[in-house]
1. Evaluate the following for LEU291: is it farther than 30 Å from ALA23 by Cα, modelled with pLDDT of 95 or more and surrounded by 13 or more Cβ atoms within 10 Å (Cβ to Cβ)?
2. Yes or no: segment 204-225 includes at least one residue that is in contact with a Phe, Trp or Tyr (Cβ under 9 Å, 6 or more places away or on another chain) and under 29 Å from GLU12 (Cβ atoms).
3. Do we find that ALA145 is open to solvent by 30 Å² or more (accessible area, probe 1.4 Å) and among the aliphatic types (A, V, I, L, M) in this structure?
4. All but one of (1) open to solvent by 60 Å² or more (accessible area, probe 1.4 Å); (2) of a type in the set (A, V, I, L, M); (3) more than 30 Å from LYS9 (Cα to Cα); (4) touching a residue at least 12 places away in the same chain (Cβ under 8 Å) hold for MET197; state the number of the condition that does not hold.
5. Working only within segment 247-256, note down all residues that are outside any loop (DSSP other than H, G, I, E, B) and open to solvent by less than 50 Å² (accessible area, probe 1.4 Å).
6. Which pairs have Cβ atoms under 7 Å, sit 6 or more apart or on different chains, and link a residue in segment 120-138 that is without any contact (Cβ under 8 Å) to a residue 60 or more places away in the chain to one that is of a type in the set (S, T, N, Q) and surrounded by 15 or more Cβ atoms within 10 Å (Cβ to Cβ)?
7. Looking for whichever is under 22 Å from LEU5 (Cα atoms) and assigned to a loop (DSSP other than H, G, I, E, B) here; the options are ALA363, ALA331. Which one fits?
8. Please name all residue pairs, on different chains or six or more residues apart, with Cβ atoms under 7 Å, provided the first residue is in segment 303-326 and is surrounded by 10 or more Cβ atoms within 10 Å (Cβ to Cβ) and the second residue is of a type in the set (Lys, Arg).
Amino acid sequence: MPGPLAGFKVVEFAGIGPGPFCAMLLADLGAEVLCIARPGGQGAAGPVLGRSRQTVELDLRQPEGAQQALALVAKADALIEGFRPGVMERLGLGPDVCLAANPRLVYGRMTGWGQHGPLAHAAGHDINYIAITGALQAIGRRGEAPVPPLNYVGDFGGGAMLLAVGLLSALLEAGRSGQGQVVDAAMTDGAALLSAMMFGFKAQGQWRNERGTNLLDGGAFFYDTYACADGRYLALGPIEPQFYAELRQRVGLADDPDFDRQMDPRAWPALREKLAAVLRTRTRDEWCAVLEGTDACVAPVLDWDEAPRHPHNVARHTFVSVDGVVQPAPAPRFSRSTPDAPQVGRPVDAAALAELRRRWGVAD
């Protein structure tokens, strides 16, 4: 069955990271996404981020290539680009030109620093963008250097997800007003937004600047990871009293009065050592047999190979195999307009491009 975005047409200008991820999300949900790549370029970013859409190579530096791209944009509902500010304008495909050709177009711009500001034209990557928001400073162990959280916070959470929300919001508005607009999605803005709860805690005096000393950053002994006898790890998070009591009972610490001081930060270092010693007495999977699926809020820390095989993920089909490549399945789930299974991304040959142009209503 077509997904909830079936009927929407999106033109994606090939890039890396958050732009392709956003395009993948829209394609997963049923939109028809056409990726425009430079000749000999990387196309739609590989076997996973590039899934469920077609790619056509156009040389946008040549007038003919730019005009072909503009003809497709004129029939699209949305556009995604992730170049530095000014690049699309120099190619003759900036917002003014595209909106003149298609007044209902939602023009999505994905950058690290945003379209304006002192750093707008500087190079950067995820780690740089999250550094100026406070997010990077907060991640890591007490007394140690900040730890890059892969590129979840900037590229994908603060970038691609924010762009997707912006695009979908603007598409809803365009359906009412008949007018498109530009969506300026900056990873700095998005990473800052993801920190909203922490800023709220800080305003209430419940969060310290020093990392590794707070409730959710590994400071609390009951919200952290612990090594087991086999060197694998458990993730613990029993914050609420009833869940904490369940953990104590199941690991044999219910009668230890020291553990009555759950919310006393002064006791956390000593309690961490005592709990760590207990958890090192069994393997990860032995502990899972006792703890997983209970209200103790415990889960195994799985690697990339183990995660697709976990019974919960298997039951929910959280991972799928597309052309032999194991990857996350589309999300979220829908009760009625369930998207089709993801497909391998593919290049568009001349015949397929002619058919696409006909279907989109692009004049020859």
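The values are calculated or read from the model by the stated rules, or taken from the named source; none is laboratory data. Quick caveat, the model's predicted, so the values are computed rather than measured. With ideal geometry, Cβ positions are generated from the backbone for all residues, glycine too; neighbour counts draw on all protein chains shown. The accessibility values were calculated without ligands, DNA or RNA, using every heavy atom of the protein model including side chains. Shrake-Rupley method; radii C 1.70, N 1.55, O 1.52, S 1.80 Å.
1. So LEU291 passes the test.
2. no
3. In short, yes.
4. Unmet condition: (4).
5. LEU247, ARG248, VAL251
6. So the pair list comes out as ILE132/THR188.
7. On the way: ALA363 fails: under 22 Å from LEU5 (Cα atoms).
It is ALA331.
8. VAL322/ARG51
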